[in-house]
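Working notes, structure below.
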Amino acid sequence: MAKKKECISLQGFLVWILLKSLVRKTLIGKRYIHLATSLLLLQVEYETGAVLGRARRDKLDILKKMLSIPGLNFANVIKDSQEAGKKRLDEFKKEHMDEPETFGDFIYWPLWKKATGLTLDDLFRPSDIETRERMRKRLSKIIQNKLGVKVPLEEAQPLISGFLLEGLGFGSTFPELMEKMFKNVYEKDDEELWRISRALGFSTPEDISRRVGLPTPGGRPPTLKEQEELVLGTVADYVSQYYPELLDSLDLSYYLHLIENEKL
């Protein structure tokens, strides 16, 4: 297959697969997503990048060719993404005196706190001046008002792509930690986490899986192996279209075969 003339970046391809079905339009045709959706996608794409970075950390020089954008100097894209991931981790460890247990702890909740001005303590701490039900309604209104903000697509898309790139750097630099963080949520039955998520009206990993179209046998979230197959299959689809000569060097032919035979 000949290489296409109009080649989009790999990060743009991976982000748009999920983003395109979530974009809305105003009455005058301006495209946007809600801030709540943006926060969710920032975590999902960070994880996607981390899965890819961990799985192909020995082939980053090849991947770098697909992360470049015509007209921009992305020569140091891998180095920059790894440094950004390390910086975020260092800041997290400095604040919490420990490594993150999950990607929700690492990405979603800090972003959520920044967006709403609230913490989990604010949501569940007993109050002496109002009933729990009144407090729940008050905080729910704050959350809805804050997270219901419309974010223009031209602002949201580059930010989400940037988080995917940083995730790639994080997964390639800290593969063991990435694996632990993934399994702590998606492969562990954490009823307390689900209870909190449901109480707040947020997506559990199962909800996320259904929403973005991940295969979830038996209704459960994917294992790391299953998620890795999905991500590498998607990358194989991209490479077959834009860089077919790199399929073998990236060890992606097997995943392309799975797609072509509808096994992914």
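All of the numbers you see were taken from the coordinates with simple rules; none came from a lab. This is a predicted model, so every value here is computed, not measured. In this analysis, Cβ positions are derived from the backbone assuming ideal geometry, glycine residues included, and neighbour counts consider all displayed protein chains.
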message: Assuming 0.36 nm per residue, please report the length gained on full extension of the stretch Lys114 to Glu91 beyond their Cα-Cα distance.
response: 6.8 nm
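With 10 angstrom as the radius, rank Thr131, Thr37 by how many other C-beta atoms surround their C-beta, starting from the fewest. Mind showing how you got there, number by number?
Working: Thr131 9, Thr37 20.
Final ranking by Cβ density, sparse to dense: Thr131, Thr37.
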statement: Per-residue Cβ contact counts at 10 Å, fewest first, order Val231, Val23 as Val23, Val231
- prompt: Which whole number in µm²/s is D for the range 9-158 by Stokes-Einstein, with the Kirkwood Rh taken over Cα pairs at 37 °C and 0.692 mPa s?
  reply: 182 µm²/s
message: Rounded, prolate or oblate for the range 103-175? Axes are the square roots of the Cα gyration tensor eigenvalues, ordered a ≥ b ≥ c, and the cut-off for rounded is a/c under 1.5.
response: oblate
field: Prolate/oblate/rounded call for the range 142-187, Cα gyration tensor, a/c under 1.5 rounded
entry: oblate
query: What is the order of Trp112, Trp16, fewest Cβ neighbours within 10 Å to most?
result: Trp16, Trp112
- prompt: Taking 0.36 nm per residue of separation and subtracting the Cα-Cα distance, what length does fully extending Glu262 through Glu154 add?
  reply: 35.5 nm
statement: Violations at 22 Å Cα threshold for listed pairs Lys113/Lys183; Lys64/Lys263; Lys114/Lys146; Lys93/Lys141; Lys94/Lys146 -> Lys113/Lys183; Lys64/Lys263; Lys93/Lys141; Lys94/Lys146
